[in-house]
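**Student:** This is the structure, below, for whatever I ask next.
The values are calculated or read from the model by the stated rules, or taken from the named source; none is laboratory data. Computed from a predicted structure; not experimentally measured. When we count neighbours, we look across all protein chains shown, and the Cβ atoms used for this are built from the backbone with ideal geometry, even at glycine. Just the protein is used for accessible areas: all its heavy atoms, side chains included, with ligands, DNA and RNA removed. Shrake-Rupley method; radii C 1.70, N 1.55, O 1.52, S 1.80 Å.
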Amino acid sequence: MPSAQALPDDLLIKILLRLPALPSSLPCVNLVCKRWQRLVTDIHFIDSFHAHHRTPPLLGYFAFLGRFVPTQEPPCRTPPMLFSLNSLVGEKGLLDCRHGLVLTGATRFIESKFVITEFTVFNPMTRDLGRRTVTSERQSGKLIAAAVVAAAGGTDRRSFRLIALFASYQEGGVTASVYSSDSGAWIKSAMGVVSPSHFAVIYHPSTLVGNAIYWLLRDGEILQFDLGRHSLAFIEQPPHAHVERHRRFIPGFCRWIIPAGDGHLGLAVLSERSIQFWKRETGFSSAATWELCKTVQLDKVLPLELKEHMSSLELIGFAEENNVIFISTHDGGVFMTNLESMQFKKVHTTSTTRYYIHPYSGF
């Protein structure tokens, strides 16, 4: 029987594509020999590996100041320093994370205010390979949010779109500008009319649902940017979404935009005793309506360690590709759970209250 070294590249690649979708698979193959290293680090192989397995494993999350917290167990556990944003891009603020791409922004002090002058989009798995620095479009308004979306449903990480939201005080609205890595140009969308309360920076991370990006605003309203039509719209939250407010509850940390299946918009609402899951139904003959799909009683699913902190739970992040939501407590650490199984796992002993996180999935 011929050895693996005698196999031609195209046949060896077909074999390597069938490796299990574990974070340790490609790094282990990388150490076999220089030839295998060349094959598995090629960007075309990485794209094919992603397309073959579709759902990448959840490696961890970026916390406050770009610190990376791994969520896998050894040998699949990613060393935190490997993904440290300071070592990868220096002193730049984290803005978004999706499809294995990380979006950061560099700020300068201009005209008595901090302004983001450039964006950087990169894949931590390939380090400097494919990094792209984008000069921020000059706008009269203030940048309030930004998001990144890879091409081909997230499988082509060499191409991406960068969406930047700007609030204009003079014109009284929000404008979205879209940068395409293929054309290297910015495209300005139509303006959406908003109230003055929406001019604040949107710290809540965005969620991709279907072909639209959504942001949750401070007052509970939802801002939608349609990637196909390049249009902005505002959506009201479910009118009967019930939150039993506790004195330690903060509105921005008890709701999270999630996919609800078949491209429908969903919303998870955390109260002191339950999590409600809402779905927005859209019909051709009637106005869109919210429907309560499920209510999960926390005392039936939470581990004992979390039950002691039910009054201080906060939603801090959501991994879109893995359907995993992250919950933090004031002094009990960080937990994650798949929204289908509702089985909780403690991933960090230090709490991340009052700060959102950006989960990272990749091969």
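**Student:** Please state the shape class of region 254-329: rounded when a/c is under 1.5, otherwise prolate if a/b exceeds b/c and oblate if not, all from the C-alpha gyration tensor. List each step's numbers first, then the result.
**Tutor:** Details: a/c = 2.85, a/b = 2.02, b/c = 1.41.
Prolate is the answer for region 254-329, as a/c is 1.5 or above and a/b outweighs b/c.
**Student:** For an R0 of 51 angstrom, estimate the FRET efficiency from the Cβ-Cβ distance between ASP262 and ARG35 and round to the nearest 0.05.
**Tutor:** Values: r = 44 Å, r/R0 = 0.86.
Plugging the Cβ-Cβ distance into 1/(1 + (r/R0)^6) gives 0.70.
**Student:** Let me ask something else. Apply the Karplus parameterisation 6.51 cos²θ - 1.76 cosθ + 1.60, with θ equal to phi minus 60°, to every residue of region 13-20 and state each ³J(HN,Hα) to the nearest whole Hz, in sequence, with x for glycine and proline.
**Tutor:** 5, 4, 6, 5, 5, 8, 4, x
**Student:** Near the amide H of ALA212, under 5 Å away, which other amide H atoms are found, from residues 5 or more places off or on another chain, if H is placed in the peptide plane?
**Tutor:** LEU227
**Student:** Need one value: the accessible area of HIS358 in square angstrom, 1.4 angstrom probe, rounded to the nearest 10.
**Tutor:** The value for HIS358 is about 20 Å².
**Student:** Return the subset of LYS300/LYS346; LYS142/LYS346; LYS14/LYS346; LYS188/LYS279 for which the Cα-Cα distance in this structure is over 28 Å, preserving the input order. Walk me through the numbers on the way to the answer.
**Tutor:** Values: LYS300/LYS346 17 Å; LYS142/LYS346 38 Å; LYS14/LYS346 37 Å; LYS188/LYS279 30 Å.
Cα-Cα > 28 Å for LYS142/LYS346; LYS14/LYS346; LYS188/LYS279; rest within.
**Student:** With Cβ to Cβ distances under 13 Å as the rule, what net charge do the other residues near VAL324 carry (K, R +1; D, E -1)?
**Tutor:** My count for the surroundings of VAL324 gives -2.
**Student:** If you don't mind, there's one more thing I want to ask. What ranking of LEU31, LEU208 comes out by heavy-atom accessible area, probe 1.4 Å, highest first? Please report the intermediate quantities before stating the final value.
**Tutor:** Details: LEU31 145, LEU208 30 Å².
If we order LEU31, LEU208 from most to least accessible, we get LEU31, LEU208.
**Student:** Accessible area of THR349, 1.4 Å probe, to the nearest 10 Å²?
**Tutor:** Roughly 110 Å² of THR349 is accessible to a 1.4 Å probe.
**Student:** Could you rank LYS34, LYS294, LYS188 by how accessible they are, 1.4 Å probe, largest area first?
**Tutor:** LYS34, LYS188, LYS294
**Student:** From the phi of every residue in region 31-44, what ³J(HN,Hα) in whole Hz does the Karplus formula 6.51 cos²θ - 1.76 cosθ + 1.60 yield, where θ is phi - 60° and glycine or proline is x?
**Tutor:** So the J values, rounded to whole Hz, are 8, 5, 6, 5, 5, 5, 4, 4, 5, 7, 9, 5, 4, 5.
**Student:** Put ARG132, ARG77, ARG157 in order of accessible area, largest first, 1.4 Å probe: what do you get? Numbers along the way, then the final one.
**Tutor:** Details: ARG132 75, ARG77 105, ARG157 30 Å².
Output order, biggest surface exposure first: ARG77, ARG132, ARG157.
**Student:** If you plug each phi of region 205-217 into the Karplus form 6.51 cos²θ - 1.76 cosθ + 1.60 with θ = phi - 60°, what whole-Hz ³J(HN,Hα) values come out, in order, with x for Gly and Pro?
**Tutor:** Along region 205-217, the couplings run x, 7, 10, 8, 10, x, 10, 9, 9, 10, 10, 8, 8 Hz.
**Student:** How much accessible area does TYR179 have with a 1.4 Å probe, in Å² rounded to the nearest 10?
**Tutor:** 20 Å²
**Student:** Moving on to the next point. Which of rounded, prolate, oblate describes region 1-106, given a ≥ b ≥ c as roots of the alpha-carbon gyration tensor eigenvalues and a/c under 1.5 marking rounded, otherwise prolate only if a/b is larger than b/c? All intermediate terms of the calculation are to be shown ahead of the outcome.
**Tutor:** Values: a/c = 2.33, a/b = 2.20, b/c = 1.06.
Prolate.
**Student:** Show me 261-271, 213-223 ranked by packing, highest mean number of other Cβ atoms within 10 Å first.
**Tutor:** Values: 261-271: 17.8, 213-223: 19.5.
Result, highest mean Cβ count within 10 Å first: 213-223, 261-271.
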